[in-house]
Amino acid sequence: MGQYNGDSHQRDEEEVYDLICVGFGPASLAIAIAIHEMLPESSTRPKILFLERQQQFVWHSGMLLPGSKMQISFMKDLATLRNPCSEFTFVNYLKVQDRLLGFINLGTFLPLREEYNDYMQWCASKFNDVVSYGETVKLVEPVVAQGSEKVNRFIVHSQVGGIEERRLAKHVVVAVGGRPLLPKPLPSYHPRIVHSSQYSSRVPQTLSDFNGAYRIAVVGAGQSAAEVFSDVSSKYPNSKTTLFIRGDALKPSDDSPFVNEIFNPSATDKFFQTSPQERQAQLVENRATNYSVVRLELIERIYHDLYVQRLRDPSGSSWRLNIQSHTEITGLNDATSDKQVSLRMSHRENGVHTIENHEFDLVIVATGYARDMHKELLAPTKVLLDDPTAERFPVGRDYKVQFGEGKVGAEAGIYLQGCNEMTHGLSDTLLSVLAVRAGEVVDSIFKPTANGHTNGHTNGHATTVQAKKVEPYSNGVRNGSGVSSNRYPH
Ligand SMILES: Cc1cc2nc3c(=O)[nH]c(=O)nc-3n(C[C@H](O)[C@H](O)[C@H](O)COP(=O)(O)OP(=O)(O)OC[C@H]3O[C@@H](n4cnc5c(N)ncnc54)[C@H](O)[C@@H]3O)c2cc1C
Ligand SMILES: NC(=O)c1ccc[n+]([C@@H]2O[C@H](COP(=O)([O-])OP(=O)(O)OC[C@H]3O[C@@H](n4cnc5c(N)ncnc54)[C@H](OP(=O)(O)O)[C@@H]3O)[C@@H](O)[C@H]2O)c1
């Protein structure tokens, strides 16, 4: 059996999904919509399931801050760029909600994040039959059916309500988004340290008195940090809030039209075709479109608030808002307890380096995300790569993981979404190309091949295969029945 030494075998007569998507965020939702629109309505609809660890569809719930706006035109919704006639466009959503004219009168391309979340929840609600919420995927394992030389199925191991699930799929899409990144000197959990991704849920629990005179630190210079800095200071008007940034100032994001063309779907082709060195250079050159930058209006609002403080108190002694630049966290001091965080900070300015110690009731770190969760989930498949020690899972232009020659059958595969910035460009982690990208993935999985049958599915009914006897799985394993229906909605 090739070089694959995995010891998982397939159960007799086990149901096989044509596709399981891990994570049901915007990327997978766009795929659900694309499948709904691109595959003909007939009995040959594939057997598909989306597994989502949250209890419902919600988009970055910890950062749904009052008044926060989208960073992208509503025209780049989950469908329009692939199919402007789709029923899943943002415009159709507005029409159904009876807000189309009201939205037009706003004269904006940038809806509130709150409204865009509602739009996506509205789209997601149409797919309830094929989503299992509250289910966390733990591992994806390759498997070889009896009589086959190649891997032709994957076992998706998950957990739901303390019970283990496992399901077989020919194709797996991994679209799990980012993992919160904390500065290295900080512990992975402390009751008084909160990552921006949990801002809305954890901060009111931790600081329960909105009139309290708390000492609050916000760390970071990106959009999350600026939004949190602005929001927390208005929620706790008697508190002192300091924004610590490593650079010298908050800088604006570049969304000017020529530069913005890097987010066109066609730019993905160009980016993919260039050399790794050139790609890296382009990522660096265009970094200010997305990372460590803030929308100009918000910068101006924050600057205005700081200015008003200076007007009212030139001494600075009563200022509630401060920005301290050129500062980095280097460690936690012993004075740290369950009730406060004592930060050791390195401050470098004008050639002078000082070490400072500051105590806070709450530290909010808005220090970004890593997009590497797929590596853990797919660890058992690494042996199928040409170079199993490689840092990255290589993907093709169609987002399909490129396993070693002859290791995986043509009718099976794994696709990665949202973690391919190095090969597919800066749009990869964003909403920009989701509609088009979803169509590309659906084409790659389900498009008829030259010999007339599809890669992705056989007959649309619960697919069964004759396979080798298996080792028994651990106790408590429930087998693939988490949702009421696993047919695709019509
Ligand atoms: C606060 C914030 C605002 C943003 N605003 C914009 C914007 O305006 N415009 C823009 O283009 N981009 C924006 N982004 C970038 C963001 O990455 C995209 O908007 C979008 O969320 C990407 O969708 P996704 O499906 O790839 O990832 P996610 O939205 O992160 O969705 C991944 C899903 O997978 C689930 N999941 C993770 N692990 C597992 C597992 N093991 N098992 C089961 N489920 C799992 C998660 O719960 C989540 O629902 C924003 C990001 C943040 C943090
Ligand atoms: N309303 C919205 O639409 C909205 C809101 C929030 C976020 N977003 C999106 O979400 C994505 C992520 O944005 P983000 O702001 O969360 O992350 P980000 O852009 O990656 O910014 C992270 C910030 O944290 C800083 N940082 C990282 N490690 C640090 C450390 N060890 N010590 C001190 N500072 C550190 C970085 O500093 P340096 O600058 O020094 O590197 C950077 O300023 C972006 O796509 C953004 O557009 C959108």
Please go through region 321-338 and pick out each residue that is assigned to a loop (DSSP other than H, G, I, E, B) and among the β-branched types (Val, Ile, Thr). Thr336
Mind listing just one residue for me: the one in region 345-372 that is in a strand (DSSP E or B) and under 31 Å from the mean Cα position of the chain (by Cα) and, of those, surrounded by the most Cβ atoms within 10 Å (Cβ to Cβ)? Ile364
Mind checking which residues of region 231-259 are over 22 Å from Met345 (Cβ atoms) and touching a residue at least 12 places away in the same chain (Cβ under 8 Å)? Asp231, Lys235, Pro237, Asn238, Pro252, Ser253, Asp254, Asp255, Val259
Going through Glu261, Glu227, Glu278 one at a time, which residue ends up being of a type in the set (Asp, Glu) and over 30 Å from Glu440 (Cβ atoms)? Glu227
Just checking, does region 404-413 include any residue being in contact with a Pro (Cβ under 6 Å, 6 or more places away or on another chain), crowded, with 16+ Cβ neighbours inside 10 Å and assigned to a loop (DSSP other than H, G, I, E, B)? no
Has region 270-293 got any residue that is of a type in the set (A, V, I, L, M, F, W, C) and more than 22 Å from Met422 (Cβ to Cβ)? no
Those residues of region 373-395 which are part of a loop (DSSP other than H, G, I, E, B) and either among the charged types (D, E, K, R) or more than 26 Å from Lys138 (Cβ to Cβ) (or both) amount to Asp386, Asp387, Glu391, Arg392
The residue from Glu41, Glu52, Glu15 that alone is touching an Asp or Glu at 6+ places or on another chain (Cβ under 9 Å) and either at pLDDT 95 or above or of a type outside the set (A, V, I, L, M) (or both) is Glu52
Name the residue, out of Val308, Val293, that is under 19 Å from Gly220 (Cβ atoms) and at pLDDT 95 or above. Val293
Looking at the structure I just gave you, is Asp248 over 24 Å from Met75 (Cα atoms), surrounded by fewer than 15 Cβ atoms within 10 Å (Cβ to Cβ) and within 16 Å of ligand 2 (Cβ to nearest atom)? yes
Return the only residue of Lys138, Lys76, Lys170 being basic (Lys, Arg) and touching a Lys or Arg at 6+ places or on another chain (Cβ under 8 Å). Lys170
Can you tell me which residue in region 184-218 is farthest from ligand 1 (Cβ to nearest atom), limited to those that are closer than 22 Å to Glu328 by Cα and without any contact (Cβ under 8 Å) to a residue 24 or more places away in the chain? Lys184
Only one of Lys400, Lys382, Lys447, Lys407 is under 21 Å from Ala32 (Cα atoms), over 20 Å from the mean Cα position of the chain (by Cα), at pLDDT 50 or above and basic (Lys, Arg); which? Lys447
Going through Val156, Val137, Val143, Val130 one at a time, which residue ends up being buried (at least 17 other Cβ atoms within 10 Å of the Cβ), more than 16 Å from ligand 1 (Cβ to nearest atom) and assigned by TED's automatic domain parsing to the domain that holds Ile48? Val143
Within region 214-261, take every residue that is outside any loop (DSSP other than H, G, I, E, B) and of a type in the set (Val, Ile, Thr) and give me the one that is farthest from Leu296 (Cα to Cα). Ile216
Residues of region 195-229 being among the hydroxyl-bearing types (Ser, Thr, Tyr) and either closer than 23 Å to Arg348 by Cα or within 11 Å of ligand 2 (Cβ to nearest atom) (or both), which ones? Ser196, Ser197, Tyr199, Ser224
Among (1) of a type outside the set (Lys, Arg); (2) within 16 Å of ligand 2 (Cβ to nearest atom); (3) in a helix (DSSP H, G or I), where does Gln71 come up short? (3)
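The values are calculated or read from the model by the stated rules, or taken from the named source; none is laboratory data. These figures come from a predicted structure and were not determined experimentally. Methodologically, a virtual Cβ is constructed for each residue, glycine included, from the backbone with ideal geometry; neighbour enumeration extends over all protein chains shown.
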